[in-house]
DNA sequence: TGCGTTGACCCTGGA
DNA sequence: GGTCAACGCA
């Protein structure tokens, strides 16, 4: 592993000057002498470059790499930043830097200080699902009705509290209603339960560091002295706890370098606090502010459109991006009849790009909700266009992956009861609720872990035959795994697979066995790769699985289209961006855009989506979309999103709803808003009738051709001619056909 | 007592 | 369509 140092003969004085031609503002940021600095960096203004160059410059000035701490928004961004810095100053220095997300950095600090905090060094990190298990148990224990205290809502309230650094005690103190008092009880219960499981949730990873810094100022000071320079990317999406953490770390030297864009703040719903940006100068007196407004990414047309849209927001610092790039093509808007047609139109856009010499990996399809990926996925699969869905259920959250990881968690941390109960009868080994109740009782009485309680019951011969055998099986497996804990990770996992019969267990579900087996294979590959890279042991691997996201796992150099939410697209860029589902109620989303603040956040999200594009933007909407709302499936027609109308007509080329052909294009003129909305009202029925003659797919019957349609809305019935004969099927059991193109 | 089946509820976004 | 708790069967 030898990294040749970059030759510096052609760059007297600085490793930065030759490769990075920075503009005046960028250079001012990079050369900032010290003290608090806020860099307002517009989309595509080269902020990653500035951050990277800043770190390299600090090292060049003689700051030791161990004295630099940089927070990024994703693990991916951390990795990229480290790689770039390695390219400038060498791999050794780059490895010594602390670059990571708030959560990853929190884990790093908490592991070092675990003893002081009274938590195990190998603490587990509970994700949303694990957390939900605890919350459900707490709700049951308090004898509450789940309809009054929905787990998701309880989790959200607890999360909000932690992000605001409100302890269970403070929560109880502030509670005014009986409902609030019960929430406080739940919060306290869940928190106690987390600790007794030796676990922290995501929010704890930050909040616990802050409270430790408060309880032990000398520890805070130690970290403050160590990190002479603290840098924060995507500062607009930091929450209160993160602000306090940064504040504490920067207290000693005040060398705080933050980069953010108030127009790209899109995580208000999870506690991001824009006032961290807006009040920066008040929080850090003497702070300097620099603005990066030159965009190097998008064409003039895309930038003008984005500027026009975001100008509708009232609460913003206000800036206008400009670019030296060419004007480029206008944005395109496609109104499709339904989501199936929308998907087909998207497919054609992608094929067009391909025919024009483009690659699929230059394209991304963005949407507001993960549920929208389904129709697109179906269409792209049928058309043979390679794609990758980023988000939805992340890899390490998949059931089979989490099952296997739960076994590994259990070895590292036997107190992890969520992990224990997850695996104790998976695969089936004859252990059921009856035995579980007795194990729990025994564990509670003896103050021991469930595995120990089960072992005691088995030893005493207190279990019926089948359960006794199952208990022996489980306990033996756990023991064998524990004995291999220090060995290579991939061997550990292989042993688990061999010994548990997990793969055979997967085969029980014919429909999903192949996919799930493939995921297990992928897990094996990931484990082997981790072990080979020597990046840490089991504890570190498990932490990584908890914190890694789908975005982090996007591969370079794979020629496929990316399908992802606008949230997940933050920080990425593509030559071609399709934004799908531009309908009122969907984007802006009904539950988010209800008030002004919510609507403005939706608009920022749309702004983020537009500014991901370098050369080409295509916007699509479906006049009629089947959507699920609380209360059941409903079929809904909608109006085109107001955001589309906020794009100046001269920048937008509208294509009429296609009736099968390529769709005629018209150049945007006046009065578009009403034209678009009026067309929508009539489309639902037309869309249904147009289904006649279309090829559709049914899970059981396969490919068929629609003969007739009856009913309406959710009760739409189709008469379809399949190979197996003519059947009447409910619309919801059909997937739309691909070949609407007249041959 | 364990297990297979059935029917409610479901889908904003995500570390 | 997917998941999970509740139900009733073996």
Worksheet item: For A:158, A:554, A:206, A:119, what ranking results if the residue with the fewest other Cβ atoms within 10 Å of its Cβ goes first?
Response: A:554, A:119, A:158, A:206
Worksheet item: Of the peptides A:472-484, A:331-343, A:81-93, how do they stack up when ordered by the mean number of other Cβ atoms within 10 Å, highest first?
Response: A:331-343, A:81-93, A:472-484
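Per residue, how big is the convex hull around the C-alpha atoms of segment A:530-653? Give it to me in cubic angstrom, could you?
Enclosed volume per residue, from the Cα hull, is 176 Å³.
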Fill in: Relative contact order, percent, segment A:289-424 [alpha-carbon distance under 8 Å, six or more residues apart]
16
Worksheet item: Taking Rh as the Kirkwood radius computed over C-alpha pairs, what is the Stokes-Einstein D of segment A:170-300 at 37 °C in a medium of viscosity 0.692 mPa s, expressed in µm² per second?
Response: 190
Worksheet, complete the sentence: Using alpha carbon centers only, segment A:555-627 is separated from segment A:84-157 by a whole-angstrom value of 28
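Relative contact order of segment A:478-550, please, whole-number percent, based on alpha carbon pairs below 8 angstrom and at least 6 residues apart.
33
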Item to complete: Could you estimate the translational diffusion coefficient of segment A:187-250 from the Stokes-Einstein equation, with Rh from the Kirkwood formula over C-alpha pairs, at 10 °C and 1.306 mPa s, in whole µm²/s?
Response: 122
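In units of 2.2 N^0.38 Å, what is the alpha-carbon radius of gyration of segment A:375-490?
Dividing the Cα radius of gyration by 2.2 N^0.38 Å gives 1.41.
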Fill in: With eigenvalues of the C-alpha gyration tensor scaled by 5 and rooted, segment A:110-172, Å
25, 15, 11
Item to complete: Give the order of A:376, A:278, A:183 when sorted by the count of other beta carbons within 10 angstrom, beginning with the fewest.
Response: A:278, A:183, A:376
Discussion item. Two decimals, Cα atoms only, Kirkwood Rh: what is Rg/Rh over segment A:264-422?
Written reply: 1.09
Worksheet item: Between residue A:395 and residue A:172, what length in nm is gained on full extension when 0.36 nm per residue of separation is reduced by their alpha carbon distance?
Response: 76.6 nm
Worksheet entry | Part-to-part distance (alpha-carbon centres) for segment A:205-271 and segment A:424-498, which is given in Å | 42
Response to the item:
Here the convex hull volume per residue of segment A:71-176, taken over Cα atoms and given in Å³, is 144
Item to complete: List the equivalent ellipsoid semi-axes of segment A:449-595 in whole Å, largest first, each obtained as the square root of 5λ for an eigenvalue λ of the Cα gyration tensor.
Response: 42, 22, 16
Worksheet item: When only C-alpha pairs under 8 Å and at least 6 residues apart count, what is the relative contact order of segment A:238-308, in percent?
Response: 32
Discussion item. On a full-extension model of 0.36 nm per residue, what is the gain between residue A:448 and residue A:559, subtracting their alpha-carbon distance, rounded to one decimal in nm?
Written reply: 34.7 nm
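May I ask you to derive the FRET efficiency for residue A:359 and residue A:222 from their Cβ-Cβ distance with R0 = 45 Å, giving the value to the nearest 0.05? All intermediate terms of the calculation are to be shown ahead of the outcome.
Working: r = 50 Å, r/R0 = 1.11.
Efficiency computed from Cβ-Cβ geometry: 0.35.
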Fill in: Listed peptides A:149-157, A:55-63 by packing density, highest first (mean Cβ within 10 Å)
A:55-63, A:149-157
Discussion item. What distance in nm separates the two pseudo spin-label positions at residue A:31 and residue A:180, each 7 Å out from Cα along the beta-carbon direction?
Written reply: 5.4
Discussion item. If neighbour count is taken as other Cβ atoms inside 10 Å, put A:47, A:317, A:402 in order from fewest to most.
Written reply: A:317, A:402, A:47
Worksheet item: Given a Förster radius of 25 Å and the C-beta distance between residue A:253 and residue A:112 as r, what FRET efficiency does 1/(1 + (r/R0)^6) yield to the nearest 0.05?
Response: 0.75
Discussion item. From the P(r) of segment A:92-243, could you give the percentage of C-alpha pairs in the tail past 22 Å?
Written reply: 45
Worksheet entry | Modelled FRET efficiency - R0 51 Å, residue A:282 with residue A:499, Cβ distances, 0.05 increments | 0.25
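Which peptide among A:105-112, A:34-41 comes first, and what is the full order, when sorted by highest mean count of other Cβ atoms within 10 Å?
Highest mean packing first, the order is A:34-41, A:105-112.
Any read-out appearing in this document is the output of simple, stated calculations on the displayed coordinates, not a laboratory observation. Model, not experiment: these values are computed from the prediction. Cβ: placed from backbone, ideal geometry, glycine included. Neighbour counts: every protein chain shown.
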